[in-house]
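The values are calculated or read from the model by the stated rules, or taken from the named source; none is laboratory data. The shown structure was predicted, so the numbers you read here are calculated from the model rather than taken from an experiment. Note: ideal-geometry Cβ built from the backbone for every residue, glycine included; neighbour counts use all protein chains shown.
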Amino acid sequence: MVKNLIDKLHQEKHLSKEEWVTVLDNYTDDDRKYAEQIAREITVSKFGKKIYFRGIIEFSNICKNDCLYCGIRKSNRCVSRYRLSKKEIIDCAEDAHKHGFRTFVLQSGEDGHFSDEVLCDIVKSLKERLPDCAVTLSVGERSRESYKRLYQAGADRYLLRHEAACERLYGEIHPSEMIHSERILCLKNLREIGFQTGCGFMVGVPHQTNEDIADDMVFMQDFKPQMVGLGPFIPHKDTPFGAYPAGSVNLTLMLISLTRIMLPNALMPATTALGTAKGDGRQLGVLAGCNVVMPNLSPESVRKKYMLYDNKIGTEFDAEAGIKMLSGQMEEIGYEVVCTRGDYTEN
Ligand code: SAH
């Protein structure tokens, strides 16, 4: 029954919510391997055995939001807060450029210091100095006008996980000031403005049901994002969700494969959370359909401070060691990392 639905998804790129629930409620390990097989064939036929490298720079852990799952939420008093200067961000990127990187992801909490003026200036300078690079932003919810300015300043892509397509679940994992419809509107605005846009969610976040995940899959099959970030939820001890269990690695892998089958051209990172939940998680992610990895380029001095969840990997060593480790892991499974821009294409 599940295999038939996987075949239907493969052919039609679409399942009803009820069909998604059927898959999620009933799939066996054998069905997961079946989905993985199809997803891997699609990925290899589209991208070869190439994995795109994106360097991530976590430039501020200051955040006005209080997401219940997140280690750098506003109410977490145990966090030592930092903000990189424009020079530090640019130095980081220029350094990585010398190592071949052509895509940078600038991620932060929702830090009010980074007004449109300040952030556009950073984006512009980056694009002027490194014109052959793509700049991806992941800085949360902003106005349509603000997104437009950032796009005009030269930003190419934007990652904003929708976190939950189901309004009830969204409400259970966010404070009441955060409004589900506003997050979805942000995604639509980003898309319309011209950004290559990424959404995504955590697998196994507290209170999430299979119906909720079905809503996420339906949302993504309609929205057709160019990028999708999926990772297991991992608890952070100083958050309200600190005592909940981590999300399942196998379910995350199944959802990666199904997303690949549904969105064959999508750029999908094997996330740091997946690598944190299981030592070979990112390798398994690639074998399940991911085609991107995102080594951390943040200066060593701040890495431990951008702790979204406990035991986040990659905080123990510097950028170069991280890059080496990841390339080695990819080579081990027969894949080659490439540093080209790796833009989204339709074919
Ligand atoms: N402020 C930005 C960046 C958020 S951090 C924004 O709002 O988009 C990037 C992603 O990390 C989040 O979207 C969330 O899905 C994920 N994340 C946060 N806490 C996590 C946790 N405890 N476990 C796993 N992933 C987490």
Taking the criterion of being touching a residue at least 12 places away in the same chain (Cβ under 8 Å), assigned to a helix (DSSP H, G or I) and within 15 Å of the ligand (Cβ to nearest atom), would at least one residue in the stretch 236-251 satisfy it? yes
Contact list, first residue from the stretch 131-149 and at negative phi, second anywhere and among the aromatic types (Phe, Trp, Tyr) and not in a strand (DSSP E or B), beta-carbon distance below 8 Å, six or more apart or interchain, is 133/101; 139/114; 147/195
Would the stretch 261-278 turn up any residue that is of a type in the set (Gly, Ala, Ser), without any contact (Cβ under 8 Å) to a residue 60 or more places away in the chain, touching a helix residue (DSSP H, G or I) at 6+ places or on another chain (Cβ under 9 Å) and part of a helix (DSSP H, G or I)? yes
Looking at (1) at pLDDT 95 or above; (2) basic (Lys, Arg); (3) under 30 Å from residue 340 (Cβ atoms), find the lone condition where residue 98 falls short. (1)
Report, by residue number, each residue of the stretch 121-138 that is of a type in the set (D, E, K, R) and either assigned to a helix (DSSP H, G or I) or touching a Cys at 6+ places or on another chain (Cβ under 8 Å) (or both). 121, 124, 127, 128, 129
With respect to residue 301, determine if the residue is more than 30 Å from residue 76 (Cβ to Cβ) and part of a helix (DSSP H, G or I). no
Pairing a residue in the stretch 99-120 that is closer than 19 Å to residue 131 by Cβ and within 11 Å of the ligand (Cβ to nearest atom) with any residue that is of a type outside the set (Asp, Glu) and assigned to a loop (DSSP other than H, G, I, E, B), where Cβ atoms lie under 8 Å and the two sit 6 or more apart in sequence or on different chains, gives 105/54; 105/294; 106/139
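Answer with yes or no whether residue 306 is in contact with a strand residue (DSSP E or B) (Cβ under 6 Å, 6 or more places away or on another chain), away from the ligand (no atom under 16 Å from the Cβ) and aromatic (Phe, Trp, Tyr). Give the derivation first.
Working: in contact with a strand residue (DSSP E or B) (Cβ under 6 Å, 6 or more places away or on another chain): yes; away from the ligand (no atom under 16 Å from the Cβ): no; aromatic (Phe, Trp, Tyr): yes.
No; evaluated as a whole, the condition is false for this residue.
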Just name the residue that is surrounded by the most Cβ atoms within 10 Å (Cβ to Cβ) out of those in the stretch 158-210 that are within 23 Å of residue 266 (Cβ to Cβ) and among the basic types (Lys, Arg). 183
Name, by its number, the condition in (1) in contact with a helix residue (DSSP H, G or I) (Cβ under 9 Å, 6 or more places away or on another chain); (2) aliphatic (A, V, I, L, M); (3) without any contact (Cβ under 8 Å) to a residue 24 or more places away in the chain that does not hold for residue 93. (3)
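Looking at the stretch 330-346 only, could you name the residues that are out of contact with any Lys or Arg (no Cβ under 7 Å at 6 or more places or on another chain), in a loop (DSSP other than H, G, I, E, B) and farther than 17 Å from residue 194 by Cα?
Let us first name the residues in the stretch 330-346 that are out of contact with any Lys or Arg (no Cβ under 7 Å at 6 or more places or on another chain), namely 330-333, 337, 342-346.
Subset that is in a loop (DSSP other than H, G, I, E, B): 333, 342-346.
If the condition is that a residue be out of contact with any Lys or Arg (no Cβ under 7 Å at 6 or more places or on another chain), in a loop (DSSP other than H, G, I, E, B) and farther than 17 Å from residue 194 by Cα, then 333 is the only one that fits.
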Mind listing whichever residues of the stretch 141-152 are assigned to a loop (DSSP other than H, G, I, E, B) and surrounded by 19 or more Cβ atoms within 10 Å (Cβ to Cβ)? 142
Residue selected from the stretch 289-310 under the condition in contact with a Lys or Arg (Cβ under 7 Å, 6 or more places away or on another chain) and crowded, with 20+ Cβ neighbours inside 10 Å, by the criterion farthest from residue 32 (Cα to Cα): 296
